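Student: What follows is a single structure, and I will ask about it in a moment.
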C-alpha cells in the first residue's frame, strides 16, 4: 500500500482505475494484522508455566535486543537517507531534530506529537508501548499474587490480565465507534492487540471460546456503523484472527512454491517492514527525474521498488536482524 500510494500513484490510478487503489487501501491485510499477531505473541510471551517463572528484567532485555536494536538501525538509515542528499547533492530534505529522533528511538513519538520519520515506524512504536505496559502490569500482578500468597498465582495473574485486556478492547472499540481521533495511537489499536491475545489464550485453553466468539459477534455488529477505513481494518483483523486459530490448532499449510515463498518472506518480515518504505520510495522517486513518464513506466517502477525493497530487506536481515536474534537468544528469561 505504501508503495502504491507513493510518487507514481496518479499514473497507476490512470492505468488500473480507482477501484484497484480502493482495494489496496481498504481490502487487504494491513497494520491491523500486524497488531493481531503482536497480541498473540505477547500473550504467549507472558505465559508462566507451572514451576517456571519469568524474570521480567531479562525478558525486557531480550525483547529490547530483538526488537529495538534493528529498529534503531533502521531509524539511523532513514535519517542518513535524508541527510546525505542534503550534504552531497545540496538537497533540502527536512530533518528531524535531535529531540524528535530521541522520541522516535524511545518509541514515544505519538505521545509527544512528533511525526514518524518513516511511514511505518508509528506501528512499531505502538507495539513497543504495548509490550512495556504489559510487562509492568504483569510484574505488578505477580508481585501482588506472591505477596498475598494466592493458591493459584499463575491463574490469578492470567484472570486479571484477561479482564484488563477486555477493558482495553471495549475502550478501543468505543473510540472507533464514536470516531474520536487522538495523537496517542495505542488506545485505538488495542482492539487488534487484545483480539490476538484472546486467540492465544483460547488456543492454549486458558480462555473459554465463548468469550472470543462473543467479542467477534459484538465487533461484527459494530462494523456497519464504523467509518469505511475502520470497518475494513476490523474485518481484516478478524480474518487474521481466524487464520491464527486454524494454524494454532495444528493445521499445516501445503509445502507448495507460493507457500514456501511466503515463508521465506515471513522469516524476513521484520526487516522488510522496517526498510521497505525507505528503499521503495527512493526507487519510485526516480519518476521525478524522467520526462513524460506514463502509467506503464509507473508500473515498472512499482515492480522495481518491490524487488529492491525485498533485496534490501534480505540484506538487512542477515547483517542486522540475525546477529541481534542470536544475541537475544543468549538472554534466558525463564527459570
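The values are calculated or read from the model by the stated rules, or taken from the named source; none is laboratory data. Note that the coordinates shown come from a computational prediction; the quantities given were computed from them, not determined experimentally. Glycine gets a Cβ as well: all are built from the backbone with ideal geometry, and neighbour counts include every protein chain shown.
Student: Kindly establish whether residue 132 is in a helix (DSSP H, G or I) and under 21 Å from residue 111 (Cα atoms). Steps first, answer last, please.
Tutor: Details: in a helix (DSSP H, G or I): yes; under 21 Å from residue 111 (Cα atoms): yes.
When the stated conditions are applied, residue 132 passes them.
Student: Right, another one. Limited to segment 210-238, what total is found for residues that are loosely packed, with under 13 Cβ neighbours inside 10 Å and without any contact (Cβ under 8 Å) to a residue 40 or more places away in the chain?
Tutor: The qualifying residues number 7.
Student: So for segment 250-269 (the condition being within 25 Å of residue 203 (Cβ to Cβ), in contact (Cβ under 8 Å) with a residue 12 or more places away in the chain and part of a helix (DSSP H, G or I)), does at least one residue qualify?
Tutor: Yes.
Student: Between residues in segment 271-287 that are free of Cβ contacts under 8 Å to residues at least 24 places away in the same chain and residues that are in a helix (DSSP H, G or I) and surrounded by 20 or more Cβ atoms within 10 Å (Cβ to Cβ), which pairs lie under 8 Å by C-beta distance while being six or more apart or on different chains?
Tutor: Once the first residue is free of Cβ contacts under 8 Å to residues at least 24 places away in the same chain and sits in segment 271-287, its partners that are in a helix (DSSP H, G or I) and surrounded by 20 or more Cβ atoms within 10 Å (Cβ to Cβ) give 286/301.
Student: Please list, ordered by first then second residue, the pairs with beta carbon atoms under 7 Å, 6 or more apart or interchain, first in segment 62-88 and in contact (Cβ under 8 Å) with a residue 40 or more places away in the chain, second assigned to a helix (DSSP H, G or I) and loosely packed, with under 14 Cβ neighbours inside 10 Å.
Tutor: 65/327
Student: Among the candidates 22, 34, single out the residue that is modelled with pLDDT under 90, within 25 Å of the chain's Cα centre (by Cα) and more than 30 Å from residue 325 (Cα to Cα). Reasoning before the result, please.
Tutor: Details: 34 fails: more than 30 Å from residue 325 (Cα to Cα).
Checking each option against the conditions leaves just 22.
Student: For segment 140-165, how many residues meet the condition of being surrounded by fewer than 16 Cβ atoms within 10 Å (Cβ to Cβ), in contact with a helix residue (DSSP H, G or I) (Cβ under 8 Å, 6 or more places away or on another chain) and closer than 20 Å to residue 39 by Cβ?
Tutor: Of the residues in that region, 1 qualify.
Student: Does residue 3 satisfy the condition of being surrounded by 19 or more Cβ atoms within 10 Å (Cβ to Cβ), touching a helix residue (DSSP H, G or I) at 6+ places or on another chain (Cβ under 6 Å) and at pLDDT below 90? Spell out the reasoning first.
Tutor: Working: surrounded by 19 or more Cβ atoms within 10 Å (Cβ to Cβ): yes; touching a helix residue (DSSP H, G or I) at 6+ places or on another chain (Cβ under 6 Å): yes; at pLDDT below 90: yes.
The answer is yes for residue 3.
Student: Still on this structure, I have one more. Spot the failing condition for residue 41; the list is (1) at pLDDT below 85; (2) over 21 Å from residue 104 (Cβ atoms), and only one is missed.
Tutor: Going through (1) at pLDDT below 85; (2) over 21 Å from residue 104 (Cβ atoms) one by one, residue 41 breaks only (1).
Student: Right, another one. Have a look at 138, 132, 168 and point out the one that is in contact with a strand residue (DSSP E or B) (Cβ under 8 Å, 6 or more places away or on another chain) and closer than 23 Å to residue 47 by Cβ. Show your work before the answer.
Tutor: Numbers: 132 fails: in contact with a strand residue (DSSP E or B) (Cβ under 8 Å, 6 or more places away or on another chain); 168 fails: in contact with a strand residue (DSSP E or B) (Cβ under 8 Å, 6 or more places away or on another chain).
The match here is 138.
Student: Then there's this: Just give me the residues in segment 288-333 being over 25 Å from the mean Cα position of the chain (by Cα) and touching a residue at least 24 places away in the same chain (Cβ under 8 Å), in sequence order.
Tutor: We begin by selecting, within segment 288-333, every residue over 25 Å from the mean Cα position of the chain (by Cα); these are 288-301.
Residues satisfying the conditions are 288, 293, 294, 295, 296, 297, 298, 299, 301.
Student: Here's another thing I want to ask about it. Looking at (1) buried (at least 18 other Cβ atoms within 10 Å of the Cβ); (2) under 20 Å from residue 76 (Cβ atoms); (3) at pLDDT below 90, which is the one condition that is false for residue 270?
Tutor: So residue 270 meets the others, but not (3).
Student: List pairs: first in segment 125-145 and within 14 Å of residue 53 (Cα to Cα), second buried (at least 19 other Cβ atoms within 10 Å of the Cβ), Cβ under 6 Å, 6+ apart or cross-chain?
Tutor: 138/46; 141/157; 142/157; 145/157
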